[in-house]
1. Taking into account only those residues within the range 165-186 that are in a strand (DSSP E or B) and open to solvent by less than 10 Å² (accessible area, probe 1.4 Å), which is modelled with the lowest pLDDT?
2. Quick check on Arg375: is it assigned to a strand (DSSP E or B), open to solvent by 40 Å² or more (accessible area, probe 1.4 Å) and either at negative phi or among the polar types (S, T, N, Q) (or both)?
3. Please enumerate the residues belonging to the range 534-544 that are over 23 Å from the mean Cα position of the chain (by Cα) and open to solvent by less than 40 Å² (accessible area, probe 1.4 Å).
4. Of all residues being in a strand (DSSP E or B) and open to solvent by 50 Å² or more (accessible area, probe 1.4 Å) in the range 446-466, which is farthest from Thr409 (Cα to Cα)? Just the residue, please.
5. Name the pairs whose Cβ atoms lie under 9 Å apart, with the first residue in the range 422-447 and more than 16 Å from Leu349 (Cα to Cα) and among the hydroxyl-bearing types (Ser, Thr, Tyr), the second open to solvent by less than 20 Å² (accessible area, probe 1.4 Å) and part of a helix (DSSP H, G or I), and 6 or more positions between them or separate chains?
6. Answer yes or no: is there a residue in the range 482-495 that is β-branched (Val, Ile, Thr) and either more than 22 Å from Gln592 (Cα to Cα) or surrounded by fewer than 16 Cβ atoms within 10 Å (Cβ to Cβ) (or both).
7. Do you know which of the residues in the range 245-269 that are surrounded by 21 or more Cβ atoms within 10 Å (Cβ to Cβ) and among the aromatic types (Phe, Trp, Tyr) is nearest to Pro506 (Cα to Cα)?
Amino acid sequence: MKHSAHLLLGGLLAACIAQAGVNAASAQDSPFLIADSLLTDAPHALGVVEIRASGSVRFSEQLRMIPGLAAWSQDRYTLRLLGTGQEGLLSSGPTFLLDGLAIPVAFLDRPLTETLPVTPSAVTTLRFDAGQRSHEGARLRDGVMHVRTPMLQGWEAGGALAVINETGDPGPAKHRDGRLQNVDRSGPATALHMGWGNGRWTVQTGLQSDLHHLTDQRIAGRVRLTYAENAQPVITQFSPWARLRARTLNWRLDLAGGRAWRKDFVYLESAGWEWPSRWTRDWVASRALWKRDGLQAGVEADGWTMSSTNRPSFIDLPAPVRLMEAQSRGTVGWIGSHWRLTTAGGVRLIQAAQLEVDVRHMLPLAELALSWNSRAWEAGISLSGIGLDDAFPQERSWSAAASLSLARTGRQGRWKVSLDGESGHFPEAGNLSFWAASGVDTGSWMTLASLPTPLPVPRRLQGQWLVERAIGAWTGWFALEGRWADGLLLEDRRIDQPFGIGPLLPSWSWSAPHGGWLFSRTVGVRRVEPDRIQWRGQFQFQHVSSQGDDTYFRAATGFPRNRVWISAAEQRPGGIRWFVRAAWQGAWTWPQYLEPAERELPASLWLDATVGKTLLSGHMEALVSLLNLPDRPLMTHPAGVEEQLAIRLTVLFQSRPGPSR
C-alpha cells in the first residue's frame, strides 16, 4: 500500500510542480482545446440544447439519451453501458474523458457515474466514440465518452433537483388493477456546484446526492430474500468532489478528486440477487501537460480505493472487501508540422484484500503513438502493452494492443477506417475475473468459481468504416463494424426457472477459450444547426456468428436486437425548451434460459418527452418529463424492473442566466 500511495502522491506533486511555470497567455489559443462543434457533429453525441432540454439530473439518465448508445438497468437506477450493443453484456464499458482527463469510474460491469466531478446541467457536449480498444494506461474499454464543460469567468453557482414518480403511480395500470403495489418513487436527486474562474484558471467544488426506492414488485420481492433490515430498501449515495483546471498557451493542468458514500444493493447476473452493502470510495485523477517548440511532456496519475461493509441480511454475505488501483505514467512527445510521436511509460498497482487475503500486483506499462495529418488527411498508429507478472494465470506474462486509423475530410463529407487488435488479459481491480484470481470469497451471495489455469491468451480484432456526407444543414452517415474474438474467458451461465421470477440463481462457471464474429451496419442522419431544431436518427442492423460456440452465443445474449433511434430538441424564444426521444428494439430470445422456460421477448418501444420553461430572468428553469409514455412493461432483462410510465419534475438553478441558444 505504501507503493501505491507514493506513486499517486508523486504523480500529483509532479503535476503541481509543473504548473508553477504557467504563463499568462490566453486559454483560447491553447493547442490542447477542441471546438465543441467538432464533438457534437458526430453519430453518437448531444449538444448543449439537447442536454439542457432533456431535464436530466442523474448523469446516468443523461447518458441514456445519447443516440445509438446501448444501456440497460435492472432497477432503473444502476446503469450499464454496452457500447453500440453488439456484444450484449460482454461490453467492458467506455473510458470517461472529462475535458480530456481520464476519470476512473469502472466497477464490476458498470460505471459509477456519481464519481464524475460534474453536474449534467453544466455539460456543453457529450460524445461517444465507438470501438473496443486499449486506452491510456493500457485499459481495455468499449468506446470513449467525451464530456466537455466550459472554463468559468468569475464566480458561478448552480445545480439541479429532481423527483421521479415511477412505474405504476399514477400510471393507468395501477388504476385498472387496485392490487398493484409497484410504486417505484425515486429522489430527490440533487447535483450542486460552485466555483470561480478567470478564463485561464477554474476552481470548482460540488455535491451529488440521491435516493432510489426499490419498491417495484419484481425487484423488491427479490431484494427481500437477502435484505433483513426492517426498513424500505433504498439506494442512497452522497458524493462531494473538487476540481482544479488551468489552460494557457503551453500548459495544461487538471486535478480532480472526491469521495462517495453509497448504501447499495449490488446485482450481478452470475449472483442472481442483490448484495445489501455499504461502500466508501475515494478517488483522484490528475494530469499536467507542457508543449513548446515541437516538444511535449506530461505526467498523469489516478487512483481509487473502495471498501465494503454489509447491511443486515438473511444470507451469508461476502466479508468486507477492500479494492485499490493506482496508476502513474509519464509521456514525452515530439511534434512536427504534420506529425506527432508520443512515448509513455508507467506502472499500475492493483490490490484486493479480504480477511487473510491480501493480493497486490505492480504492473509495468508502455505506449507508443505516431500520427500524421494534413489539410485533408489524418493517419495514426499506436501500440501499448502491460506486464502481468502473476496477476493473472495467463499463458503469457504480458498483454498488448495496437490501433491503426486513416481518415479524409472534404468539403461535403469525410470517411474514416480503423483497425484495432488486442492480445491478452488487461486486469483491473474492479473486474470480477481479478476477484476470482485473487481468491475473494463472495459467500452465499454468489458462487465465485476459480479461474481455469493456465488461461489461453484472448485475441480480438475490430474493423470500422464510417462515411459521412453533408447536404446543406443535414449530414447523412453510414457505419460498418465487425469484431472477431478467440480465446475469451467467459461466464458460462444457464438458468432453469420460469422467466423473470424471483432470483435467477444461475448455474455457472468460468469457461475458456471461446470466440465468434459480430457485425453491425448503421445508417443515420442528423441536423445540429444552431438556433434550429436538433434532429438525430439512426437504424442499426446487427448479426452474431458464433461458429457453433454455444457458450459465446449465450454470453453475448444471443442475436443482437435491431434498433431504431429518433430524437429532436429545440430552444425556442421565450425560454421554452423541449426534447423528444423515441427508440425501438426488435424481439429476441434470452438465450441463457433452459427450455421450456426460454421464451421470445416482444419488441420494445421507448417514448420520452420533456418540456421546460426558464424563470426568474433565466436564473431558474422548471422541466417536466414523461418517461416511457406507452406505459407498458419493458421486459428487456429477466432480472429487470417492469418499467411503466414515470413522471420526473426537475428544477435547474444558476447564479448566472442560462444560455438561450
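1. Step by step, filter the range 165-186, then rank; the result is Asp184.
2. no
3. Residues satisfying the conditions are Gln534, Val544.
4. Arg459
5. What qualifies is Thr442/Trp435.
6. No, the range 482-495 has no match at all.
7. Tyr267
The rows are residues; the columns are (1) among the basic types (Lys, Arg); (2) at pLDDT 95 or above.
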position: Trp273; (1), (2): no, no
position: Pro276; (1), (2): no, yes
position: Arg281; (1), (2): yes, yes
position: Gln296; (1), (2): no, no
position: Thr305; (1), (2): no, yes
position: Pro320; (1), (2): no, yes
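The values are calculated or read from the model by the stated rules, or taken from the named source; none is laboratory data. Because the structure is a prediction, the values reported are computed rather than measured. Glycine gets a Cβ as well: all are built from the backbone with ideal geometry, and neighbour counts include every protein chain shown. For accessibility, only protein heavy atoms count, side chains too; no ligands or nucleic acids. Shrake-Rupley method; radii C 1.70, N 1.55, O 1.52, S 1.80 Å.
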